[in-house]
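Below is one structure, written out as structure tokens, with a few remarks after it.
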């Protein structure tokens, strides 16, 4: 049963192969097994690749099955259409397009399995890339908010400096009227005279202005600090919104690019392995000598070719014979006097009708 299935996979004519020896059947069963397992590997590889894209096992298995069947059909077609020839070079020339196709199929099949085999290494590369993208993303977002935050911070600093300058001015007035009372400056008279009272009133007025100014600036500083807090919150929200995009940076193309950053030699050996699997049925047919099945298949093809050639020749001969007979028949008829007299009579009648019609037409014009 299994042997019969692999013979079907090889694309041979089952009616012919059944009459061949066991060795010949085993040879083509091996070729069919190679075709089947290549398609199986294609199914597994494509299903994994599509799972990384869709994150849906049912869709991945469905499309993977279609891809596996496609590869199976292509390989079966390639193997079944190779014909044994007398010259090995002609056989290789015939197989060259199919070998090129096999190389393309091997690349397509091997790449998803490479992604699975080197999954841990690829994840490490992706992690580093995600970290770099996260830092770059935060830097870009910060460039949007930092100038405005710095501008507001500078305004807060200016407001605080204004309050500090005003406090220093009030402290200077306080020191002035105290020094006047102690006789250290001004009139240098000890006691609270008119000059002292004048300087004291000036200080008290400045102190009231300072309190009002401090209260006003405190409100402004609080509003600006609230604006900075709001900008920082928006910055964090934007970072949180864009971070899932970076976390999801692990699709098929990202993994293929990450695989390209790893050492090329292991991937190359895996590609060679699948290339050997994919081309093994072709080279098996190229390198094996012409067997019993090939002779029988060639004999069946020659029989059909001979039959078709014979039918074409018969049709051509029949056509030539029919043409010769028709020519002879019409030649004999052309020599009969009765036919000549009849056609002469009809021609005379036709000419009379034409003359009458012309006469009537000319008569109407006058």
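The values are calculated or read from the model by the stated rules, or taken from the named source; none is laboratory data. What you see is a predicted model, and the numbers here were worked out from it, not measured in a lab. FYI the Cβ positions are ideal-geometry reconstructions off the backbone, even for glycines, and counts take in every protein chain you see.
Conditions (1) closer than 19 Å to residue 116 by Cβ; (2) without any contact (Cβ under 8 Å) to a residue 12 or more places away in the chain; (3) surrounded by 12 or more Cβ atoms within 10 Å (Cβ to Cβ); (4) outside the structural domain of residue 76 (by TED's automatic domain parsing), marked per residue:
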| residue | (1), (2), (3), (4) |
| --- | --- |
| 233 | no, yes, no, yes |
| 238 | no, no, yes, yes |
| 241 | no, yes, no, yes |
| 267 | yes, no, yes, no |
| 270 | yes, no, yes, no |
| 277 | yes, no, yes, no |
| 295 | no, yes, yes, yes |
| 299 | no, yes, no, yes |
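Just give me the residues in segment 249-265 being without any contact (Cβ under 8 Å) to a residue 24 or more places away in the chain and closer than 21 Å to residue 46 by Cα, in sequence order.
253, 257, 260
Identify, from the list 133, 126, 113, the residue that is surrounded by 12 or more Cβ atoms within 10 Å (Cβ to Cβ) and modelled with pLDDT under 85.
Unique residue meeting the criteria: 113.
Only one of 78, 66, 71 is more than 24 Å from the chain's Cα centre (by Cα) and either modelled with pLDDT of 85 or more or within 24 Å of residue 114 (Cβ to Cβ) (or both); which?
78
Might you check whether a residue that is free of Cβ contacts under 8 Å to residues at least 60 places away in the same chain, outside any helix (DSSP H, G or I) and in contact with a helix residue (DSSP H, G or I) (Cβ under 6 Å, 6 or more places away or on another chain) occurs anywhere in segment 63-82?
The answer is no; no qualifying residue exists.
Can you confirm whether segment 105-118 contains a residue that is out of contact with any helix residue (DSSP H, G or I) (no Cβ under 9 Å at 6 or more places or on another chain) and part of a helix (DSSP H, G or I)?
No, segment 105-118 contains no residue that is out of contact with any helix residue (DSSP H, G or I) (no Cβ under 9 Å at 6 or more places or on another chain) and part of a helix (DSSP H, G or I).
Inspect all residues belonging to segment 18-38 and state whether any of them is part of a helix (DSSP H, G or I) and within 23 Å of residue 248 (Cβ to Cβ).
no
Suppose we filter 299, 250 for residues that are assigned to a loop (DSSP other than H, G, I, E, B) and either over 30 Å from residue 139 (Cα atoms) or within 44 Å of the chain's Cα centre (by Cα) (or both); which single one remains?
Being assigned to a loop (DSSP other than H, G, I, E, B) and either over 30 Å from residue 139 (Cα atoms) or within 44 Å of the chain's Cα centre (by Cα) (or both) holds for just one of 299, 250, which is 250.
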